[in-house]
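Scroll down for the structure; my scribbles are underneath it.
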Amino acid sequence: MAWYDSAVFYHIYPLGLCGCAHENDGMATPGAFKKLEEWAAHAAKLGCTALYVGPLFESGSHGYDTLDYRLVDRRLGTNAELKEFVAACHARGQKVILDAVFNHVGRGFFAFQDLLRNRENSRWKDWFCDLNFWGNNEYGDGLSYANWGGHNLLVKLNQRNPEVQQYHFETVKFWVEEFDIDGLRLDAADVLDFGFMQSLRRFTEGLKPEFWLLGEVIHGDYSRWANPTTLHSVTNYELHKGLWSGHNDHNYFEIAHTMRRLQGLCGDTRLYTFSDNHDVERLASRLNNPADIRGVAILVYTLWGIPSIYYGSEFGLEGKKVRGTDWPLRPCLELEQFEPVETHPVVSLYAALGKLKADCPALTDGSYKELLLTTRQYAFARIGQKETLVTVLNNDDAPARLEFALPCEASGAEDLLAGCAESQPVKAEIGWGRMQLELPAHYGTVLRLRA
């Protein structure tokens, strides 16, 4: 089994966490990589075996308008500091993947600057898409070009150009040789050229064993991207939406249906499972009832997939977009401002789930079996070779009694989350091949069946 199949990810947006200037002024933020190291060590205590950190390379503003792919953003520090950071993560047993922003560049990127100067005579004009030298834009360039998302700040690259492909491949090779990274999260993979991604897969397979490719994909048939010839996994936005709206609407059918649909499309492919990230509002701000954080966290870890935590959300941190800006989702934080893992109810739960993921192979490779489904109650099993775990959830405003057929023979059940801060007692009764238990309102847990 590859490392990423059993990984738990911790996602850091470094420019935000480290309090960097929103516009690149060329000034380093003192102690940025030291702070990243502190949070990476914190993530290890939660059982996170991998880090997704990005964007990290020189850009003009938010990190996705890349200016130099081979230079760490000056606001964060130096290439040497990134190398030391990755080495420290590896020493703790953590893998590191970085953002790969290959679909577009910032306007200060060398090839685009040459295009603005030399127009039709630019050596680099074929690196860009849909150039119109009779057009114009808000910058007064006297030309127009394809961009990402309608933003001319982000100039679209032509990934079908062999020179562009080779440039990106050489960049990845540089990142591996210089920093020893373990994989990439491909930004805007849903608009990247499929031929480019397939070539990148072949290239990276020969570059480093078990090098992992994750794609940012919002909608669609995820198997078009996540398959044996393209990417290893994609961001599971479909389940992300169901996780919060299924709780807000008292509709576990939405989550269960999403699981059935995705398994039908993707089979055994493990999708990257998250409750929030740097582009969407924090889970605590999405949920109508904050108590449902518990149920969502349990689902992220116990459904089929690769679980992840977005920095700060393990503490129940809130965050909403304000006037269209994403910066409130990407705050500067200090670890000292939060309660210790042992006493904070949310982070204590995440730490326990991380331990479960490490100790219980069934959460990685156990088959998924639905046991009970109503609008407000949900139970399913993860059936492994040596153990069976059962997730039970109640999204009602009142306690509920659950009863369902056991997925295997059992004489008892152990509550694996009983030791978390503010956990409540759950006693399961087993007889005649069935289980009965009562769950408090807006509560859930994970049970290990005993033979």
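The values are calculated or read from the model by the stated rules, or taken from the named source; none is laboratory data. Because the structure is predicted, anything quoted here is derived from the model rather than measured. Quick reminder, even Gly has a Cβ in these numbers, built from the backbone with ideal geometry, and neighbours come from all protein chains shown.
Only residues that are within 21 Å of Leu335 (Cα to Cα), among the hydrophobic types (A, V, I, L, M, F, W, C) and under 14 Å from the mean Cα position of the chain (by Cα) were counted in segment 1-42, giving 3. The set of residues in segment 383-406 being farther than 22 Å from Leu353 by Cα, in contact with a strand residue (DSSP E or B) (Cβ under 8 Å, 6 or more places away or on another chain) and of a type outside the set (A, V, I, L, M, F, W, C) consists of Asp396, Pro399, Arg401, Glu403. Here Ala441 qualifies as part of a loop (DSSP other than H, G, I, E, B), over 20 Å from Pro361 (Cα atoms) and of a type in the set (Gly, Ala, Ser).
Does Ser61 qualify as being over 30 Å from Val346 (Cα atoms), polar (S, T, N, Q) and surrounded by fewer than 23 Cβ atoms within 10 Å (Cβ to Cβ)? It is true that Ser61 is over 30 Å from Val346 (Cα atoms), polar (S, T, N, Q) and surrounded by fewer than 23 Cβ atoms within 10 Å (Cβ to Cβ).
If we keep just the residues of segment 328-350 that are surrounded by fewer than 20 Cβ atoms within 10 Å (Cβ to Cβ) and in a helix (DSSP H, G or I), which is nearest to the chain's Cα centre (by Cα)?
Quick first cut of segment 328-350, residues surrounded by fewer than 20 Cβ atoms within 10 Å (Cβ to Cβ) only: 328, 331-345.
Going one step further and asking which of them are in a helix (DSSP H, G or I), we end up with 328, 335-337, 345.
On the way: Pro328: 18, Leu335: 21, Glu336: 24, Gln337: 24, Pro345: 22 Å.
Across segment 328-350, the extreme among qualifying residues is Pro328.
Filtering segment 64-101 to residues that are more than 22 Å from the chain's Cα centre (by Cα), over 18 Å from Cys18 (Cα atoms) and among the small types (Gly, Ala, Ser) leaves only Ala91. Among the residues of segment 406-422, the one identified as part of a loop (DSSP other than H, G, I, E, B), touching a Pro at 6+ places or on another chain (Cβ under 9 Å) and at pLDDT 95 or above is Ala418.
When the criteria are applied in full, Gln159 meets the requirement of being buried (at least 16 other Cβ atoms within 10 Å of the Cβ) and modelled with pLDDT of 95 or more. Under 27 Å from Ile12 (Cα atoms), out of contact with any strand residue (DSSP E or B) (no Cβ under 9 Å at 6 or more places or on another chain) and surrounded by 14 or more Cβ atoms within 10 Å (Cβ to Cβ): does that describe Val176? Yes; evaluated as a whole, the condition is true for this residue. Would you please name the residue that is nearest to Gly242 (Cα to Cα), looking only at residues in segment 252-282 that are of a type in the set (S, T, N, Q) and in contact with a His (Cβ under 7 Å, 6 or more places away or on another chain)? Filtering first and then ranking leaves Ser275.
Per the listing Gly47, Gly16, Gly26, the residue uniquely part of a helix (DSSP H, G or I) and touching a residue at least 24 places away in the same chain (Cβ under 8 Å) is Gly16. For segment 418-451, the set of residues classified as crowded, with 19+ Cβ neighbours inside 10 Å, of a type in the set (A, V, I, L, M, F, W, C) and in contact (Cβ under 8 Å) with a residue 60 or more places away in the chain consists of Cys420, Leu439, Val446, Leu449, listed by residue number.
When Leu243, Leu184, Leu213, Leu192 are screened for being touching a Leu at 6+ places or on another chain (Cβ under 7 Å), assigned by TED's automatic domain parsing to the domain that holds Arg270 and farther than 23 Å from Glu163 by Cα, only Leu243 passes.
The residues listed here are Thr388, Thr445; of these, the one that is among the hydroxyl-bearing types (Ser, Thr, Tyr), outside the structural domain of Gln263 (by TED's automatic domain parsing) and under 16 Å from Val296 (Cβ atoms) is Thr445.
On inspection, Glu403 passes the criterion of being in a strand (DSSP E or B) and surrounded by fewer than 18 Cβ atoms within 10 Å (Cβ to Cβ). Residues of segment 325-343 that are at pLDDT 95 or above and either among the aliphatic types (A, V, I, L, M) or not assigned by TED's automatic domain parsing to the domain that holds Gln94 (or both): Leu329, Leu333, Leu335. Taken over segment 232-272, residues that are among the charged types (D, E, K, R) and either closer than 12 Å to Tyr222 by Cβ or under 20 Å from the mean Cα position of the chain (by Cα) (or both) amount to 5. Residues in segment 209-263 that are buried (at least 21 other Cβ atoms within 10 Å of the Cβ) and of a type in the set (Gly, Ala, Ser): 5 in all. Scanning segment 129-138 finds one or more residues that are surrounded by 16 or more Cβ atoms within 10 Å (Cβ to Cβ) and in contact (Cβ under 8 Å) with a residue 24 or more places away in the chain.
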